[in-house]
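Right, one structure below, let's go through it.
The values are calculated or read from the model by the stated rules, or taken from the named source; none is laboratory data. Since we're looking at a predicted model, the values are computed, not measured. Here Cβ is always computed from backbone atoms with ideal geometry, including for glycine, and neighbour counts include all displayed protein chains.
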Amino acid sequence: MCRDQKHGGAGMSAAAEIVFDHVTKRYAGRNAAALDDLSLEIPAGTFCVLVGPSGGGKTTALKMVNRLIPFDSGDIRIDGRSVRDLPVTELRRGIGYVIQQVGLFPHLTVGENISTVPRLLGWGRQQMGARTLELLDLVGLEPDDAKRYPAQLSGGQRQRVGLARALAADPPVLLMDEPFGALDPITRLRLQTELHRLHREVEKTVIFVTHDVDEAIQMGDRIAILREGGVLVQYDTPDAILAHPADEFVAKFVGEDRALRRLALRTLADVTLKPGSPSEPGDRVSKDTTIRNAVSLMLETRTEQVVVVDGETVLGVFRLDEAGEIL
Amino acid sequence: MSVLAGAPVVIPNFGQGSACVTGDHAFCWDWVSEHWGDTLQPALVQHIELTAIAVGIGFALAFPLALLAHRYRRIEHPVGVVSALLYTIPSLALFQLLVPFTGLTWTTVEIALVSYTLVILFPNIVTGLDGAPDDVLEAARGMGLTPMQVLTRVELPLAVPAIVGGLRIAVVSTVTIATIAAFLLPDGLGYPIFLALKEPTPFKTEIYAAGGLAVALAIGCDLLLQALRRALVPWASRGLA
Amino acid sequence: MLFDTANLHTFAAALRFIGDHPGFLAQKALEQLELSGAALGIALAVALPVGLALGHFHRGSGLAIAASIVGRGLPSLVLIAAFLTLLGIGFVNNMVALAVLGSGPILTNSYDSVERVDKDVVEAARGMGMTRPQILRRIELPLAIPLLFTGIRISAVTIVATAPIAAIAGGGGLGDVIVNQASYRLSGVLGASLCVMALSALVFVALAGLQIGVTPRGLRGTTVISDLPRKEQQ
């Protein structure tokens, strides 16, 4: 298996490319296929989100990668090698898998849960201990948490453990099936942000399934929209999908406020600003403010421009009427 | 009128007893201390033996059966129905029905006791094995555990509380049913009671002493197994969610 | 060795015994049912209201647990012998002993059946303005029926099955034959044993049928046969 040259941070190894090649799945006794001729290429290190309405086959597609669901025809390849080539348990030990209800083993401590796959692979005790601490830190938990039991953790904490467990053996691929669906909005938002940051550090290939369009737009490098019957409708970056939805379905799905959402994807730091002196009128906003928030502020205060700063330094001015041009 | 004509008489005649005994008081400690060695203790030991053998064999049979039923669902229902019917058979009747086949031996008693134990343990073990939550099983499969590993590392450990719970009921039930063995054999704690009842005036002390021991044994085992269950299940006792 | 002709002969003899003495055995069976019925009646009268009340008020769980342990851990022989020393030989001492034996499952199950009714459901009922007796009658009792009846059934079967042992304390019934091999020979003992089996199976089936009949339609399919783990000793 030849690996892509990308190396992630945090002591993690390379990511892998995943290819769906005309994959089809039919269930007996049903007319419509669960997945109909799905072809998709996911470059190594990409955070790819599968999104769509229920029944769209996105979870089915995900579970075919680690062969929890078999596919009828076509192929799925990881780094050029078919998933059918390996014995299934070996395949799965090389793939991280995170589900919505987490599925932590209640009879094992957090630490033992995390080191499940390493233990299966025969790692030494020292190695597993060190790795557990490393992962706890990565997902934002305390070293002491290793000795606790799942029943003693909150929902958000459990999902963090689930993520750590999936990353334990350092797999090149991570599959996530609506992992934040069962959490309250505040925890969900926090975990989404952290996962996003984590992915920048770790750079594995991630396939992330969700039915929440906002989550998809926030997290994905690429988004694949699947409708009923597993039909791939559009596969592109979030910005491209928002700017040019492929059809009416996608347009409805991403929402009528897609222009505003596109503005949320960029910050003032990305924009060429008009030069301005410190004496210009207008509120001062950090360069990390999203364009959408800047627009919102200007509408609220009925002003026409804001002064963009980086700390104390004035970088320039941003005017309300420029917002439309960015689109 | 004794069923067991010719069985060795273990208790002394009233005529030779102390004042307490001849006076037929409610409870005579002197009799207890005097006959602990020849009556009560052997009976207790026999009773423990009877129970231990029955539970041991019963478990050895129930466990593989339960594993099979867990794997091949179809077995579960028929075995369940047979078990329920078996359990309605009164112990004394079951003992007697086995006598033509295996005589007045420990084997007879043990076959009956093992049957009852089996009937209690089988559903408990099956329920325990079925108890692993679906998401845990899915995560385990997805992580690459083989089916055997899922069984040994996830389903079995999670089944332990139910199994020990079943053992608890089985042990206590067996202790109580084993007293009936006295109708067939001069063994176990039922026998002193049985003999005492045969006397024209039932000898209270013997009844209370042997009966008390039997109850104490049953409750003792119950508490012991409760403690065992707590000890084996650290993840359940400290929960929050 | 096990199934040789001698054994088959014995069983044939047992069946012949039954055939030869139907009236006698029927009378004995009736005696046994009388004793059992009386004991069950007492057990119901005492344990049922207590269990239901405690369960409704969610109190006395310790008592319910103790009752279940006692119910399991008290050998019938011990009970019968003890009551014989207290109340003499005859009908009453055995009736009381069997009633004590049968109270355990009834108390435990009646407590559990009401106590475990989903608290949300009771809360909703209270929120709608039902009084306590109304809640008990219309909500808690109907929902409690499966578990409750299982307890009654276990108790009844236990009592009927234990009654033969009462024969050594003057309880009468089919046990009189079973413990008296000298008079009735092995064929008689076996015949009576078969009858006892049939009797308790009959009671089991009758009560199971009754339970299914009484269970509200929406709850059918829950615990009838399947809660073996709670069974008591005989």
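Could you check segment B:182-199 and list, in sequence order, the residues that are assigned to a helix (DSSP H, G or I), among the hydrophobic types (A, V, I, L, M, F, W, C) and at the interface with chain C (Cβ under 10 Å from one of its Cβ atoms)? Let's see the steps before the verdict.
Here is the first cut: in segment B:182-199, the ones assigned to a helix (DSSP H, G or I) are B:182-183, B:190-198.
If we keep only those that are among the hydrophobic types (A, V, I, L, M, F, W, C) as well, we get B:182-183, B:193-197.
Hits for segment B:182-199 are B:A182, B:F183, B:I193, B:F194, B:A196, B:L197.
Does at least one position in segment B:147-166 carry a residue that is over 27 Å from the mean Cα position of the chain (by Cα), crowded, with 22+ Cβ neighbours inside 10 Å and within 13 Å of chain A (Cβ to nearest Cβ)? Break it down into steps so the answer makes sense when it comes.
Let us first name the residues in segment B:147-166 that are over 27 Å from the mean Cα position of the chain (by Cα), namely B:147-154.
Now narrow it down to the ones that are crowded, with 22+ Cβ neighbours inside 10 Å: B:154.
Cutting the leftovers down to within 13 Å of chain A (Cβ to nearest Cβ) gives us B:154.
So far as segment B:147-166 goes, yes, one or more of its residues are over 27 Å from the mean Cα position of the chain (by Cα), crowded, with 22+ Cβ neighbours inside 10 Å and within 13 Å of chain A (Cβ to nearest Cβ).
Looking at segment A:77-98, which of the residues that are out of contact with any Leu (no Cβ under 9 Å at 6 or more places or on another chain) and buried (at least 17 other Cβ atoms within 10 Å of the Cβ) is nearest to A:E17 (Cα to Cα)?
Result: A:D79.
Can you tell me which residues in segment A:282-316 are assigned to a loop (DSSP other than H, G, I, E, B) and of a type in the set (K, R)?
If the condition is that a residue be assigned to a loop (DSSP other than H, G, I, E, B) and of a type in the set (K, R), then A:K287, A:R302 are the ones that fit.
Name the one entry in A:R262, A:R188, A:R258 that is in contact with a Gly (Cβ under 9 Å, 6 or more places away or on another chain) and more than 21 Å from A:T116 (Cα to Cα). Let's see the steps before the verdict.
Details: A:R262 fails: in contact with a Gly (Cβ under 9 Å, 6 or more places away or on another chain); A:R258 fails: in contact with a Gly (Cβ under 9 Å, 6 or more places away or on another chain).
Testing whether each residue is in contact with a Gly (Cβ under 9 Å, 6 or more places away or on another chain) and more than 21 Å from A:T116 (Cα to Cα) leaves just A:R188.
Name every residue in segment B:55-95 that is of a type in the set (F, W, Y), surrounded by 14 or more Cβ atoms within 10 Å (Cβ to Cβ) and either away from chain C (no Cβ under 14 Å) or over 16 Å from the mean Cα position of the chain (by Cα) (or both), in order of residue number. First the steps, then the outcome.
The initial filter retains those residues of segment B:55-95 that are of a type in the set (F, W, Y), namely B:59, B:63, B:72, B:87, B:95.
Keeping just the survivors that are surrounded by 14 or more Cβ atoms within 10 Å (Cβ to Cβ) gives B:59, B:63, B:87, B:95.
Listed by number, the residues that qualify are B:F59, B:F63.
Residues to consider are C:V96, C:V78, C:V70, C:V46; find the one that is closer than 26 Å to C:V196 by Cα, away from chain B (no Cβ under 14 Å) and either in a loop (DSSP other than H, G, I, E, B) or among the β-branched types (V, I, T) (or both). It would help to see each step written out before you state the result.
On the way: C:V78 fails: away from chain B (no Cβ under 14 Å); C:V70 fails: away from chain B (no Cβ under 14 Å); C:V46 fails: closer than 26 Å to C:V196 by Cα.
Sole residue among the options that is closer than 26 Å to C:V196 by Cα, away from chain B (no Cβ under 14 Å) and either in a loop (DSSP other than H, G, I, E, B) or among the β-branched types (V, I, T) (or both): C:V96.
Could you check segment B:126-139 and list, in sequence order, the residues that are facing another protein chain (nearest Cβ under 7 Å) and either surrounded by fewer than 22 Cβ atoms within 10 Å (Cβ to Cβ) or over 19 Å from A:R67 (Cβ atoms) (or both)?
From segment B:126-139, those facing another protein chain (nearest Cβ under 7 Å) are B:135-136, B:138-139; that's our starting set.
Residues satisfying the conditions are B:D135, B:V136, B:E138.
Residues are listed down the side, and each one gets a yes or a no for (1) buried (at least 18 other Cβ atoms within 10 Å of the Cβ); (2) touching a strand residue (DSSP E or B) at 6+ places or on another chain (Cβ under 6 Å):
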position	(1), (2)
A:D75	no, yes
A:V102	yes, no
A:T109	yes, no
A:R119	no, no
A:M128	yes, no
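Show the residue pairs that are 6+ apart or on different chains and have beta-carbon atoms under 7 Å apart, the first residue being within segment A:1-30 and at negative phi, the second being among the hydrophobic types (A, V, I, L, M, F, W, C) and modelled with pLDDT under 75.
Close Cβ pairs satisfying both conditions: A:R3/A:A14; A:D4/A:A14; A:K6/A:A14; A:H7/A:A14.
How many of the residues in segment C:81-93 are of a type in the set (V, I, T), part of a helix (DSSP H, G or I) and within 10 Å of another protein chain (Cβ to nearest Cβ)?
Residues of segment C:81-93 of a type in the set (V, I, T): C:85, C:89, C:92.
This time we only want the ones that are part of a helix (DSSP H, G or I), so: C:85, C:92.
With the extra rule that they be within 10 Å of another protein chain (Cβ to nearest Cβ), the set shrinks to C:85.
Residues that pass the stated criteria total 1.
Evaluate the following for C:L207: is it in a helix (DSSP H, G or I), at pLDDT 80 or above, within 10 Å of chain B (Cβ to nearest Cβ) and within 15 Å of B:L85 (Cα to Cα)?
In short, no.
Could you tell me which residue of segment A:219-275 is modelled with the lowest pLDDT, considering only residues that are more than 24 Å from A:P43 (Cβ to Cβ) and among the small types (G, A, S)?
Checking each candidate, the answer is A:G229.
Quick test of your reading of the structure: A:A28 fulfils all but one of (1) modelled with pLDDT under 90; (2) within 11 Å of A:V231 (Cα to Cα). Name the failing condition by number.
Failed condition: (2).
Run C:I168 past the list (1) touching a residue at least 12 places away in the same chain (Cβ under 8 Å); (2) away from chain B (no Cβ under 11 Å); (3) over 15 Å from C:L30 (Cα atoms) and report the number of the one that doesn't hold.
All conditions pass for C:I168, except number (2).
Restricting attention to segment B:101-115, does a residue exist that is within 30 Å of A:L108 (Cβ to Cβ), of a type in the set (A, V, I, L, M, F, W, C), in contact with a helix residue (DSSP H, G or I) (Cβ under 8 Å, 6 or more places away or on another chain) and within 8 Å of another protein chain (Cβ to nearest Cβ)?
No; the residues of segment B:101-115 include none that is within 30 Å of A:L108 (Cβ to Cβ), of a type in the set (A, V, I, L, M, F, W, C), in contact with a helix residue (DSSP H, G or I) (Cβ under 8 Å, 6 or more places away or on another chain) and within 8 Å of another protein chain (Cβ to nearest Cβ).
Can you tell me which residue within segment B:190-218, out of those that are free of Cβ contacts under 8 Å to residues at least 12 places away in the same chain and under 22 Å from the mean Cα position of the chain (by Cα), is surrounded by the fewest Cβ atoms within 10 Å (Cβ to Cβ)?
Taking segment B:190-218 first, the residues free of Cβ contacts under 8 Å to residues at least 12 places away in the same chain are B:197, B:200, B:202, B:212, B:215-216.
Add one more test, that the residue is under 22 Å from the mean Cα position of the chain (by Cα), and what stays is B:212, B:215-216.
Values: B:G212: 16, B:V215: 20, B:A216: 14.
Within segment B:190-218, the match that is surrounded by the fewest Cβ atoms within 10 Å (Cβ to Cβ) is B:A216.
Go through segment A:254-285 and count every residue that is surrounded by 15 or more Cβ atoms within 10 Å (Cβ to Cβ) and polar (S, T, N, Q).
1
The rows are residues; the columns are (1) closer than 30 Å to B:A112 by Cα; (2) of a type in the set (A, V, I, L, M); (3) surrounded by fewer than 23 Cβ atoms within 10 Å (Cβ to Cβ); (4) in contact with a Pro (Cβ under 6 Å, 6 or more places away or on another chain).
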position	(1), (2), (3), (4)
C:S113	no, no, no, no
C:D118	no, no, yes, no
C:V160	yes, yes, no, no
C:D176	yes, no, yes, no
C:L186	yes, yes, yes, no
C:M197	yes, yes, yes, no
C:F204	yes, no, yes, no
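Determine which member of the set A:V19, A:V65, A:V49, A:V83 is of a type in the set (A, V, I, L, M, F, W, C), over 29 Å from A:I241 (Cα atoms) and modelled with pLDDT of 90 or more. Talk me through it step by step, then tell me what you get.
Working: A:V19 fails: over 29 Å from A:I241 (Cα atoms); A:V65 fails: over 29 Å from A:I241 (Cα atoms); A:V49 fails: over 29 Å from A:I241 (Cα atoms).
Every option except A:V83 fails the conditions.
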